[in-house]
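The values are calculated or read from the model by the stated rules, or taken from the named source; none is laboratory data. These figures come from a predicted structure and were not determined experimentally. Because the Cβ atoms are built from the backbone with ideal geometry, glycine has one as well, and the counts that use them run over all protein chains shown. For the accessible areas, the whole protein counts, side chains as well, though only heavy atoms, and no ligand, DNA or RNA atoms are used. Shrake-Rupley method; radii C 1.70, N 1.55, O 1.52, S 1.80 Å.
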Amino acid sequence: MRAYIHIIIFFLLITASLVIAKSEGNGFSTIIWDPVTTDINGDPETGTIYYYIYCQETLSYPPLQSEIVGTTTNAAFVHYDDRLLDPEVTLYYTVTAVDEFGNESPLGEEHTLPVELSSFELELLEGKVQVEWNVHSEQDMLGYNVLRSETKDGSYKKINTHIIQSSNSTTLKQYSFIDEKPELFKTYYYKLLCLNIDGTTQIFGPQEILVDKGLPETFLVAQNYPNPFNPVTTIMYALPEASPVHISIFNLQGKHVATLVDAEKPAGTHAVSWSGLNDNHIKVASGVYFYKMSAPGFKQVKKMIITK
């Protein structure tokens with residue numbers, strides 16, 4: 001869990017400014033801001049500018065370090081404070097600009113990171129995916145959208161019909177959303193999109209989950225995993241009702257190699273492993289093999305590969 005970080009920033013010396021503070025969860029925080037480029041009149045700033053950074057649970061002096069950075073360096077500062085190890089602590093950061101004559105811009109109004117997320121988790125409940133997140137602080141928030149993709153770096157789509165409204169609270173709040181109809185034996189990736197009142201967004205995630213439990217509407221058999229494999233692979237299958245099931249392995253010539261399942265199984269999801277042994281417990285050669293699942297009114301064949 002991360003400690004709260006609040007940022008205060010206001011330069012009389014610049015026309016615009018961006019400041020970001022990131023808590024690393026290990027006592028460190030990184031503060032990044034736009035450097036001074038113009039003076040109070042909007043003219044190009046040609047003198048040397050220094051930046052002072054202040055930090056406290058309530059603001060205090062002196063700055064963390066005098067003459068922290070100049071105009072020739074990156075506008076960034078890494079700060080360690082063991083109070084950041086406590087998730088209940090709120091730290092405030094103020095960045096001011098100081099010109100070559102020692103004139104310092106005043107402290108300004110408070111700007112906060114809109115969302116401080118303490119957890120973002122997925123749980124499988126009877127074949128449905130429950131997305132849960134806890135927020136320590138959320139200010140100037142419109143709400144949340146849950147995004148889903150079938151690949152980690154693929155295209156994510158919003159799956160909630162209406163925006164999940166925020167409470168705009170500064171205390172711990174818990175949220176959840178149910179993805180009602182994920183497909184069995186698929187891996188899904190979820191992101192949380194936070195919508196702020198000013199139009200900006202924050203994205204958390206992705207989090208990953210394999211839907212390996214649930215009661216299907218039809219017979220299903222999944223692609224073995226891993227594939228290719230050595231020395232063992234797993235085949236998952238699902239039954240809408242209690243049924244006799246037969247799963248066998250064949251080689252490229254169609255010759256029977258091994259029987260993995262030949263029994264009555266209850267409704268629900270099941271898994272069986274194969275370590276590359278035939279029915280005589282002899283290791284088969286590497287190469288391409290097929291597995292076939294048979295149940296009343298259902299047959300399906302899939303390919304697998306054993307590597308050396």
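General observations
- Breaking point among (1) touching a residue at least 24 places away in the same chain (Cβ under 8 Å); (2) surrounded by 18 or more Cβ atoms within 10 Å (Cβ to Cβ); (3) within 30 Å of residue 235 (Cα to Cα), for residue 135: (3)
- With respect to (1) open to solvent by 40 Å² or more (accessible area, probe 1.4 Å); (2) at negative phi, the lone exception for residue 254 is condition (2).
- Flag if residue 300 is open to solvent by 70 Å² or more (accessible area, probe 1.4 Å), under 22 Å from residue 211 (Cβ atoms) and either of a type in the set (Lys, Arg) or touching a residue at least 60 places away in the same chain (Cβ under 8 Å) (or both): no
- Restricting attention to segment 161-177, the residues being of a type in the set (S, T, N, Q) and assigned to a strand (DSSP E or B) number 3.
- Only one entry in 275, 294, 248, 286 is buried (at least 16 other Cβ atoms within 10 Å of the Cβ), of a type in the set (S, T, N, Q) and more than 29 Å from residue 128 (Cα to Cα), namely 248.
- Residue 250 meets all of the listed conditions (1) in contact (Cβ under 8 Å) with a residue 24 or more places away in the chain; (2) under 15 Å from residue 271 (Cα atoms); (3) aromatic (Phe, Trp, Tyr) but one, namely (2).
- Subset of segment 263-296 that is among the β-branched types (Val, Ile, Thr) and touching a residue at least 12 places away in the same chain (Cβ under 8 Å) - its residue that is nearest to residue 127 (Cα to Cα): 269
So that you can scan it fast, the table gives a plain yes or no per residue for (1) under 19 Å from residue 219 (Cα atoms); (2) assigned to a strand (DSSP E or B):
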residue	(1), (2)
236	yes, yes
241	yes, no
247	yes, yes
253	no, no
260	yes, yes
263	yes, yes
270	yes, yes
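- Within segment 166-211, the residues that satisfy the criterion of being surrounded by 12 or more Cβ atoms within 10 Å (Cβ to Cβ), more than 17 Å from the chain's Cα centre (by Cα) and of a type in the set (Gly, Ala, Ser) are 166, 167, 169.
- Residue check, residue 147 open to solvent by 40 Å² or more (accessible area, probe 1.4 Å), over 16 Å from residue 118 (Cα atoms) and in contact (Cβ under 8 Å) with a residue 40 or more places away in the chain: no
- The requirement of being closer than 19 Å to residue 119 by Cα, not basic (Lys, Arg) and not in a strand (DSSP E or B) is not satisfied by residue 137.
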